[in-house]
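Beneath this line is the structure, given in structure tokens, with notes to follow.
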Amino acid sequence: MTRVTLLPGDGIGPEVIAAAVRVLDATGAGLVWETAEAGMAAFEAQGDPLPEATLAAIRDTGLALKGPLTTPIGYGFSSANVGIRRQLDLYANLRPVRNIQGIASRYEGVDLVVVRENTEGMYSGIEHSVTPGTAVSLKVVTEKASLRIARFAFDLARREGRKRVTVVHKANIMKLSDGLFLDCARRVAADYPEIAFDEAIIDAMAMHLVMHPERYDLLLTGNLYGDILSDLAAGLVGGLGLTPAGNIGDRIAVFEAVHGTAPDIAGRGIANPSAVIRAGAMLLRHVGQLEAAAAVEAAIEGAIAAGVRTGDLGGDASTEAFTRALLARL
């Protein structure tokens, strides 16, 4: 039995999380769910979007499956998503992106993974107003965090048989901060001579991804660049409704859908649960349940190939109908 903290989240979160629990339970993987709250639901109930009790629950189990959490834009409380990553030292954000059979896209042969440093950079949360009308945000880059994420990326590439790591940076302009990140990646790359290593400036990388995404294997990035490029990459293969992510530290891992809370469709029973179910498959793989993870992925691809699709994928299946299609295949 494997204990997992379950964060239902906001908006469509409870709906897609409920679907994920049913599908993951159907694999017989023996996951034991322990529910906790974060995001808007926690803020309204407790006045805190990330209660200490929730962090303690995740530390206790070492695993979590998380629905999308509301973050107010331009005002209000800080992102609980970022808080979870920073307070639990989940320094690696892992976002796999690949084509799924049956989903029409502009590209074929896309199979890449974005490895994003998750704890510092522009998301360090250090901001202040210098004078009225002037605000400053500090970009923090440290040698320790940069070496750690580079090592994670190359270890992942070696473990999964990936052949090439591309570090993404803007060291031509930010010579100290991005220069340090780039230097750390170069130093780590020297310890993995069997893996090809190259470098790309962030703006050029965005262009190359939309021209020839099939050429890339593993992208190693800082925090902000990884956030942007992973969403761009998701758009190459069908959108955020299909894309999972893992936030991984040395002892704790939190898996999640990449998409937002979609309040406009919350409660209507039409949300696509694929992303959080695939995040559950990542969780299964993380704990060594490889056959169960493969079965979940095969069920999703089989249902989509058979034409069972939610509205965002061009179909008319409800959340319930899509979930039932996966259960039938499991």
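Identification of helices (runs of 4 or more DSSP H) wholly contained in the stretch 1-112 with 1 or more residues that are under 30 Å from residue 307 (Cβ atoms), open to solvent by less than 30 Å² (accessible area, probe 1.4 Å) and of a type in the set (Lys, Arg) yields no element.
The residues on offer are 324, 285, and the sole one that is at pLDDT 95 or above, closer than 23 Å to residue 60 by Cα and in a helix (DSSP H, G or I) is 285. Close Cβ contacts (under 8 Å, 6 or more residues apart or on different chains) running from residues in the stretch 127-142 that are closer than 22 Å to residue 176 by Cα to residues that are open to solvent by 60 Å² or more (accessible area, probe 1.4 Å) and of a type in the set (Val, Ile, Thr) comprise 136/130; 137/126; 138/126; 140/126. Could you please let me know if residue 199 is touching a residue at least 12 places away in the same chain (Cβ under 8 Å), among the acidic types (Asp, Glu) and in contact with a Ser or Thr (Cβ under 8 Å, 6 or more places away or on another chain)? Yes: the conditions hold for residue 199. One residue stands out in the stretch 226-265 among those that are open to solvent by less than 30 Å² (accessible area, probe 1.4 Å) and in a helix (DSSP H, G or I): the one that is farthest from residue 166 (Cα to Cα), namely 241. Answer with yes or no whether residue 109 is modelled with pLDDT under 95 and either at positive phi or aromatic (Phe, Trp, Tyr) (or both). Here the answer is yes, as residue 109 does meet what is asked.
When the stretch 310-320 is filtered for residues that are open to solvent by 50 Å² or more (accessible area, probe 1.4 Å) and under 19 Å from residue 21 (Cα atoms), only 320 remains. Please work out which residue is farthest from residue 243 (Cα to Cα), limiting yourself to the stretch 270-280 and to residues that are part of a helix (DSSP H, G or I) and either in contact (Cβ under 8 Å) with a residue 60 or more places away in the chain or open to solvent by 10 Å² or more (accessible area, probe 1.4 Å) (or both). Here the answer is 280.
The values are calculated or read from the model by the stated rules, or taken from the named source; none is laboratory data. Since this is a predicted model, take the numbers as computed values, not measurements. Glycine gets a Cβ as well: all are built from the backbone with ideal geometry, and neighbour counts include every protein chain shown. These accessible areas exclude ligands, DNA and RNA; they are computed on the full protein's heavy atoms, side chains included. Shrake-Rupley method; radii C 1.70, N 1.55, O 1.52, S 1.80 Å.
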